[in-house]
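The next block holds one structure in the form of C-alpha coordinates; read it before the comments.
The values are calculated or read from the model by the stated rules, or taken from the named source; none is laboratory data. Since this is a predicted model, take the numbers as computed values, not measurements. Because the Cβ atoms are built from the backbone with ideal geometry, glycine has one as well, and the counts that use them run over all protein chains shown. These accessible areas exclude ligands, DNA and RNA; they are computed on the full protein's heavy atoms, side chains included. Shrake-Rupley method; radii C 1.70, N 1.55, O 1.52, S 1.80 Å.
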Amino acid sequence: MKPIGPLMIEHRLIEEMVEIIKQKTEEMKSTKAIDAVFIDATVDFIRTYADKTHHGKEEDILFRECAKKSMSEEDMKLMNELIKDHTFSRKIVGELEEARINYLKGNDTFNIVIEKLDTIATFYPQHIEKEDKVFFPHSDEYFTEEERQAMLKEFQEFDQQMIHEKYKSVVEGLRDTRI
(Lines give C-alpha, C1' and ligand atoms only; values in the text may rest on other atoms or scores of the structure.)
Protein backbone atom coordinates (compact mmCIF):
# COMPACT_ATOMS: atom_id res chain seq x y z
CA MET A 1 0.00 0.00 0.00
CA LYS A 2 1.12 3.55 -0.70
CA PRO A 3 1.02 6.28 1.99
CA ILE A 4 -1.79 8.02 0.13
CA GLY A 5 -3.96 4.89 0.62
CA PRO A 6 -4.63 5.30 4.36
CA LEU A 7 -5.14 9.04 3.89
CA MET A 8 -7.75 8.42 1.20
CA ILE A 9 -9.47 5.82 3.39
CA GLU A 10 -9.65 8.42 6.17
CA HIS A 11 -11.21 10.82 3.67
CA ARG A 12 -14.10 8.41 3.20
CA LEU A 13 -14.96 8.55 6.92
CA ILE A 14 -14.68 12.34 6.90
CA GLU A 15 -17.04 12.42 3.91
CA GLU A 16 -19.52 10.26 5.84
CA MET A 17 -19.38 12.70 8.73
CA VAL A 18 -19.91 15.61 6.35
CA GLU A 19 -23.11 13.96 5.11
CA ILE A 20 -24.30 13.58 8.69
CA ILE A 21 -23.43 17.24 9.34
CA LYS A 22 -25.53 18.25 6.33
CA GLN A 23 -28.51 16.19 7.53
CA LYS A 24 -28.31 17.40 11.13
CA THR A 25 -27.89 21.01 9.99
CA GLU A 26 -31.10 20.74 7.95
CA GLU A 27 -32.88 19.27 10.98
CA MET A 28 -31.68 22.14 13.16
CA LYS A 29 -32.81 24.66 10.55
CA SER A 30 -36.28 23.12 10.50
CA THR A 31 -36.61 22.89 14.28
CA LYS A 32 -34.85 26.23 14.89
CA ALA A 33 -32.99 24.54 17.76
CA ILE A 34 -29.31 23.74 18.23
CA ASP A 35 -28.36 20.16 19.03
CA ALA A 36 -25.49 20.95 21.41
CA VAL A 37 -24.58 17.27 21.87
CA PHE A 38 -24.25 16.85 18.10
CA ILE A 39 -22.14 20.03 17.86
CA ASP A 40 -19.90 18.71 20.63
CA ALA A 41 -19.51 15.37 18.80
CA THR A 42 -18.79 17.20 15.53
CA VAL A 43 -16.11 19.38 17.13
CA ASP A 44 -14.55 16.31 18.74
CA PHE A 45 -14.61 14.34 15.47
CA ILE A 46 -13.05 17.13 13.43
CA ARG A 47 -10.45 18.06 16.04
CA THR A 48 -9.41 14.53 16.93
CA TYR A 49 -9.93 12.55 13.74
CA ALA A 50 -9.88 15.00 10.84
CA ASP A 51 -7.33 17.41 12.26
CA LYS A 52 -5.02 15.75 14.77
CA THR A 53 -5.06 12.27 13.24
CA HIS A 54 -5.58 12.89 9.52
CA HIS A 55 -4.13 16.38 9.01
CA GLY A 56 -1.44 15.44 11.50
CA LYS A 57 -0.19 12.65 9.26
CA GLU A 58 -0.37 14.91 6.24
CA GLU A 59 1.46 17.84 7.81
CA ASP A 60 3.88 16.04 10.13
CA ILE A 61 4.82 13.24 7.78
CA LEU A 62 3.72 13.51 4.12
CA PHE A 63 4.19 17.27 3.71
CA ARG A 64 7.44 17.17 5.69
CA GLU A 65 8.80 14.49 3.37
CA CYS A 66 7.49 16.29 0.27
CA ALA A 67 9.29 19.46 1.37
CA LYS A 68 12.58 17.52 1.22
CA LYS A 69 11.99 16.78 -2.47
CA SER A 70 12.47 18.96 -5.53
CA MET A 71 8.78 19.45 -6.05
CA SER A 72 7.36 21.32 -9.00
CA GLU A 73 6.33 24.88 -8.29
CA GLU A 74 2.71 23.87 -8.89
CA ASP A 75 2.86 20.99 -6.38
CA MET A 76 4.60 23.15 -3.77
CA LYS A 77 1.96 25.85 -4.22
CA LEU A 78 -0.83 23.28 -3.78
CA MET A 79 0.82 21.82 -0.67
CA ASN A 80 0.97 25.29 0.88
CA GLU A 81 -2.67 25.84 -0.04
CA LEU A 82 -3.60 22.57 1.69
CA ILE A 83 -1.76 23.70 4.83
CA LYS A 84 -3.76 26.95 4.74
CA ASP A 85 -6.93 24.86 4.32
CA HIS A 86 -6.07 22.95 7.51
CA THR A 87 -5.59 26.24 9.37
CA PHE A 88 -8.95 27.46 8.05
CA SER A 89 -10.63 24.26 9.26
CA ARG A 90 -9.17 24.74 12.76
CA LYS A 91 -10.46 28.32 12.82
CA ILE A 92 -14.01 27.37 11.75
CA VAL A 93 -14.18 24.53 14.27
CA GLY A 94 -13.00 26.86 17.03
CA GLU A 95 -15.69 29.35 16.05
CA LEU A 96 -18.30 26.57 16.02
CA GLU A 97 -17.30 25.48 19.52
CA GLU A 98 -17.39 29.07 20.76
CA ALA A 99 -20.89 29.55 19.28
CA ARG A 100 -22.06 26.32 20.97
CA ILE A 101 -20.72 27.49 24.33
CA ASN A 102 -22.42 30.87 23.92
CA TYR A 103 -25.65 29.13 22.91
CA LEU A 104 -25.55 27.05 26.10
CA LYS A 105 -25.07 30.29 28.07
CA GLY A 106 -28.37 31.51 26.64
CA ASN A 107 -27.05 33.67 23.81
CA ASP A 108 -28.72 33.54 20.41
CA THR A 109 -25.94 32.04 18.29
CA PHE A 110 -28.23 29.85 16.18
CA ASN A 111 -27.29 31.55 12.89
CA ILE A 112 -23.58 31.39 13.69
CA VAL A 113 -23.77 27.66 14.48
CA ILE A 114 -25.65 26.97 11.25
CA GLU A 115 -23.22 29.11 9.24
CA LYS A 116 -20.20 27.25 10.67
CA LEU A 117 -21.76 23.84 10.02
CA ASP A 118 -22.61 24.86 6.45
CA THR A 119 -19.04 26.09 5.99
CA ILE A 120 -17.61 22.77 7.21
CA ALA A 121 -19.98 20.82 4.95
CA THR A 122 -18.90 22.88 1.95
CA PHE A 123 -15.20 23.07 2.79
CA TYR A 124 -14.32 19.42 3.32
CA PRO A 125 -15.54 17.95 0.01
CA GLN A 126 -13.58 20.60 -1.93
CA HIS A 127 -10.49 20.10 0.21
CA ILE A 128 -10.65 16.31 -0.09
CA GLU A 129 -11.03 16.52 -3.87
CA LYS A 130 -7.87 18.66 -4.15
CA GLU A 131 -5.95 16.09 -2.15
CA ASP A 132 -7.40 12.89 -3.67
CA LYS A 133 -7.46 13.97 -7.30
CA VAL A 134 -4.41 16.23 -7.55
CA PHE A 135 -1.95 16.44 -4.68
CA PHE A 136 -1.83 12.82 -3.53
CA PRO A 137 -1.20 11.32 -6.98
CA HIS A 138 1.42 13.97 -7.75
CA SER A 139 3.16 13.67 -4.37
CA ASP A 140 3.38 9.89 -4.63
CA GLU A 141 5.57 10.21 -7.70
CA TYR A 142 8.34 11.90 -5.67
CA PHE A 143 9.01 8.85 -3.51
CA THR A 144 10.77 5.54 -3.92
CA GLU A 145 9.09 2.35 -2.71
CA GLU A 146 11.41 2.32 0.30
CA GLU A 147 10.43 5.89 1.21
CA ARG A 148 6.75 5.01 0.84
CA GLN A 149 7.10 2.05 3.19
CA ALA A 150 8.96 4.20 5.74
CA MET A 151 6.10 6.75 5.64
CA LEU A 152 3.50 4.00 6.08
CA LYS A 153 5.37 2.76 9.14
CA GLU A 154 5.51 6.29 10.52
CA PHE A 155 1.75 6.69 9.85
CA GLN A 156 1.09 3.54 11.91
CA GLU A 157 3.23 4.78 14.79
CA PHE A 158 1.49 8.17 14.62
CA ASP A 159 -1.95 6.52 14.79
CA GLN A 160 -0.94 4.38 17.76
CA GLN A 161 -0.10 7.51 19.75
CA MET A 162 -3.38 9.30 18.95
CA ILE A 163 -5.64 7.21 21.18
CA HIS A 164 -3.33 7.81 24.13
CA GLU A 165 -3.19 11.55 23.48
CA LYS A 166 -6.98 11.73 23.10
CA TYR A 167 -7.79 10.09 26.38
CA LYS A 168 -4.95 11.72 28.28
CA SER A 169 -6.53 15.07 27.33
CA VAL A 170 -9.98 13.78 28.41
CA VAL A 171 -8.63 12.85 31.84
CA GLU A 172 -6.75 16.14 32.16
CA GLY A 173 -9.89 18.07 31.22
CA LEU A 174 -11.96 16.20 33.77
CA ARG A 175 -9.28 16.65 36.41
CA ASP A 176 -9.15 20.39 35.75
CA THR A 177 -12.94 20.72 36.17
CA ARG A 178 -13.07 18.98 39.56
CA ILE A 179 -14.12 21.07 42.50
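Data overview
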item: Enumeration of residues in region 62-94 that are of a type in the set (Val, Ile, Thr) and touching a Lys or Arg at 6+ places or on another chain (Cβ under 8 Å); result: Ile92, Val93
item: Checking Ile39 against (1) out of contact with any Pro (no Cβ under 9 Å at 6 or more places or on another chain); (2) part of a helix (DSSP H, G or I); (3) open to solvent by 30 Å² or more (accessible area, probe 1.4 Å), the condition it does not meet; result: (3)
item: Odd one out for Arg90, checked against (1) open to solvent by less than 80 Å² (accessible area, probe 1.4 Å); (2) more than 16 Å from Leu13 (Cβ to Cβ); result: (1)
item: Check on Leu96, within 27 Å of Asp35 (Cβ to Cβ), of a type in the set (A, V, I, L, M), assigned to a helix (DSSP H, G or I) and open to solvent by 70 Å² or more (accessible area, probe 1.4 Å); result: no
item: Residue pairs meeting the criteria (Cβ under 9 Å; at least 6 apart or on separate chains; first free of Cβ contacts under 8 Å to residues at least 12 places away in the same chain, in region 88-117; second among the hydroxyl-bearing types (Ser, Thr, Tyr)); result: Glu98/Thr109; Ile101/Thr109; Asn102/Thr109
item: Positions within region 126-146 being out of contact with any Leu (no Cβ under 9 Å at 6 or more places or on another chain) and either surrounded by fewer than 14 Cβ atoms within 10 Å (Cβ to Cβ) or of a type in the set (Phe, Trp, Tyr) (or both), in sequence order; result: Gln126, Glu129, Lys133, Pro137, Glu141, Tyr142, Phe143, Thr144, Glu145, Glu146
item: Qualifying positions in region 44-78 - under 19 Å from Asp159 (Cα atoms), open to solvent by less than 30 Å² (accessible area, probe 1.4 Å) and either among the charged types (D, E, K, R) or touching a residue at least 40 places away in the same chain (Cβ under 8 Å) (or both); result: Ile46, Ala50, Asp51, Thr53, His54, Gly56, Lys57, Glu58, Ile61, Leu62
item: Residue check, Met76 farther than 17 Å from Met8 by Cβ, hydrophobic (A, V, I, L, M, F, W, C) and in contact with a Phe, Trp or Tyr (Cβ under 9 Å, 6 or more places away or on another chain); result: no
